[in-house]
Amino acid sequence: MIDSKHIREQFPILKKWINNKPLVYFDNGATTQKPQVVIDSIVKYYSEQNANIHRGVHTLSREATELFERSRQTVASFISAKSSEIIFTAGTTDGINLIANGSNFPKGSEIIVSQMEHHSNILPWQLWCERNEGKLKVIPINKDGSLQIEKLESLITTKTVLIAMAHVSNTLGVINPVKEIIQRAKAINSKILVLIDGAQSVPHMSVDVKDMNCDFFVFSGHKMYAPTGSGVLFVKENLFNTLKQSKTGGGTIKSVSFEKTEYVDGPLRFEAGTPNIEAVVGLAQACEFMNSLGVKNISAHEHLLLEHAQKELSTISEVEVYANHSNKAAVISFNVKGQHPFDVGTLLDKYGIAVRTGHHCTQPLMSYYGIQGTVRASFAIYNTKEEIDIFIEALKKTIKLLN
């Protein structure tokens, strides 16, 4: 069982008041708040452990290097990978671009994405196609937000090289059947590579990249209680040598001459320059924080919040919820009929409630529903049913004011 009071006490920012109201933070899909243990790990690093890594022989540098590489092991274990398969990045977007810029796909290749993708999992592939005479194909969705996976087979051709897909929709919260999609794709052509965007799944559920059998998996630290500027790219070990470097520099090499450079093997080949060391340390601490609570416990708690919020929203006739079903992570997108989402979000802020408004970097999805944007409430481990009740009452008052 989750002890909400004890958990909330570990997040200093939750004591904050907004507009003379206690903060109700429902913008976790954009970024989560940070527990004291993560904050402390960063302070400790700068206070006691700060040094550049990998190339120093002095004690502090060796200790910082060991801390950094232990963090890699912690993060790898968190998603059931090997540490040799983990590249540290600046976040999900950075990881996807690293694959797009480093791919060796033939000209004229086809890449498949879904209709619900975040712009960060559309634009790099769109750009690749523009530069390489490629073609971007799209798996459509149903009105309830579910994928039309029966269309996958018809989209795959002999030119298909990659499927890039969100594990969980950042806008709708819908959980995609990624394992089934990978199985279907590889049954047609075992050489098709699959990249899974786990930015919205890792914070909410257990992830096992080996069981999933994806080729690439990306996620961001800041959405799972870790610092901004931290992220992970999982690459199957046998694929490392197929990727070109898009960034080079210190730390990536075996030897350099003006005639020829030899690069190291494995993750360090893609981690040019001084990394965001303290953020990686904080990311590992965030993994340990989630493990201490139990990721399954986190999922169960958040699912109860989701069900409660969807039930309460369904009683308000002026509200339209998108993808209003249970196969979701803890994200709800809705609109107040006849009102702009910005107006709703602005008024909710007056009651101390933080929600996200707009297109959520999913404009093709907004076009599909024929709307400008939505109000998005997204939950985390520190949120409570009581906060949802406060949110519902504030929303009712907001609707009255707007009408």
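Whether any residue in the stretch 67-86 is in contact with a strand residue (DSSP E or B) (Cβ under 8 Å, 6 or more places away or on another chain), of a type in the set (S, T, N, Q), assigned by TED's automatic domain parsing to the domain that holds A286 and not in a helix (DSSP H, G or I) is what I want to check. Before you say what the answer is, go through the steps one by one.
Taking the stretch 67-86 as the starting set, the residues that turn out to be in contact with a strand residue (DSSP E or B) (Cβ under 8 Å, 6 or more places away or on another chain) are 72, 75-76, 79, 81, 85-86.
Remaining after also requiring of a type in the set (S, T, N, Q): none.
Checked the stretch 67-86: no residue is in contact with a strand residue (DSSP E or B) (Cβ under 8 Å, 6 or more places away or on another chain), of a type in the set (S, T, N, Q), assigned by TED's automatic domain parsing to the domain that holds A286 and not in a helix (DSSP H, G or I).
For the stretch 1-12, taking the residues that are part of a helix (DSSP H, G or I) and loosely packed, with under 12 Cβ neighbours inside 10 Å, the one that is modelled with the lowest pLDDT is identified as K5.
Taking the conditions exactly as written (charged (D, E, K, R), assigned to a helix (DSSP H, G or I) and over 30 Å from K16 (Cα atoms)), does D40 satisfy them or not? It is false that D40 is charged (D, E, K, R), assigned to a helix (DSSP H, G or I) and over 30 Å from K16 (Cα atoms).
State all residues of the stretch 51-75 that are more than 17 Å from T252 (Cα to Cα) and without any contact (Cβ under 8 Å) to a residue 60 or more places away in the chain; if no residue qualifies, say none.
Residues of the stretch 51-75 that are more than 17 Å from T252 (Cα to Cα), as a first pass: 51, 57-64, 66-67, 70-71, 73-75.
Scanning the stretch 51-75 gives A51, V57, H58, T59, L60, S61, R62, E63, E66, Q73.
Are any of the residues in the stretch 256-265 aromatic (F, W, Y) and closer than 30 Å to H54 by Cβ? Spell out how you get there, then give the answer.
So the first thing to find is which residues in the stretch 256-265 are aromatic (F, W, Y), and the list is 258, 263.
Those left that are additionally closer than 30 Å to H54 by Cβ: 258, 263.
Yes, the stretch 256-265 contains at least one residue that is aromatic (F, W, Y) and closer than 30 Å to H54 by Cβ.
Selection of first residues in the stretch 99-113 that are hydroxyl-bearing (S, T, Y) and of second residues that are part of a strand (DSSP E or B), restricted to Cβ pairs under 7 Å at least 6 apart or on distinct chains, gives the following pairs, ordered by first then second residue: S109/V161.
Pairing residues of the stretch 130-156 that are in the same structural domain as I111 (by TED's automatic domain parsing) with residues that are part of a loop (DSSP other than H, G, I, E, B) and charged (D, E, K, R), at Cβ distances under 7 Å and at least 6 apart in sequence or on separate chains, gives N132/K107; E133/K107. One residue stands out in the stretch 29-59 among those that are farther than 17 Å from A284 by Cβ and loosely packed, with under 14 Cβ neighbours inside 10 Å: the one that is nearest to the chain's Cα centre (by Cα), namely S47. Between L233, L239, L243, the distinction of being aliphatic (A, V, I, L, M), buried (at least 16 other Cβ atoms within 10 Å of the Cβ) and more than 19 Å from the chain's Cα centre (by Cα) belongs to L243 only. In the stretch 117-136, the count of residues that are in contact with an Asp or Glu (Cβ under 6 Å, 6 or more places away or on another chain) and assigned to a strand (DSSP E or B) is one or more. Of everything listed in (1) crowded, with 16+ Cβ neighbours inside 10 Å; (2) among the hydrophobic types (A, V, I, L, M, F, W, C); (3) more than 18 Å from the chain's Cα centre (by Cα), the single unmet condition for L127 is (1).
Please state which one of Y351, Y322 is among the aromatic types (F, W, Y) and under 30 Å from S206 (Cβ atoms).
Unique residue meeting the criteria: Y322.
Screening L98 against (1) more than 20 Å from L239 (Cα to Cα); (2) crowded, with 22+ Cβ neighbours inside 10 Å leaves a single unmet condition, (1).
Just need a number here: residues in the stretch 179-200 that are crowded, with 24+ Cβ neighbours inside 10 Å and either closer than 18 Å to F379 by Cβ or not acidic (D, E) (or both). Outline the logic, then answer.
Initial filter on the stretch 179-200 (crowded, with 24+ Cβ neighbours inside 10 Å): 195-200.
Pick out the ones that are also either closer than 18 Å to F379 by Cβ or not acidic (D, E) (or both) and you get 195-196, 198-200.
Final tally of qualifying residues: 5.
The values are calculated or read from the model by the stated rules, or taken from the named source; none is laboratory data. None of the values given here were measured: they were computed from a predicted structure. Methodologically, a virtual Cβ is constructed for each residue, glycine included, from the backbone with ideal geometry; neighbour enumeration extends over all protein chains shown.
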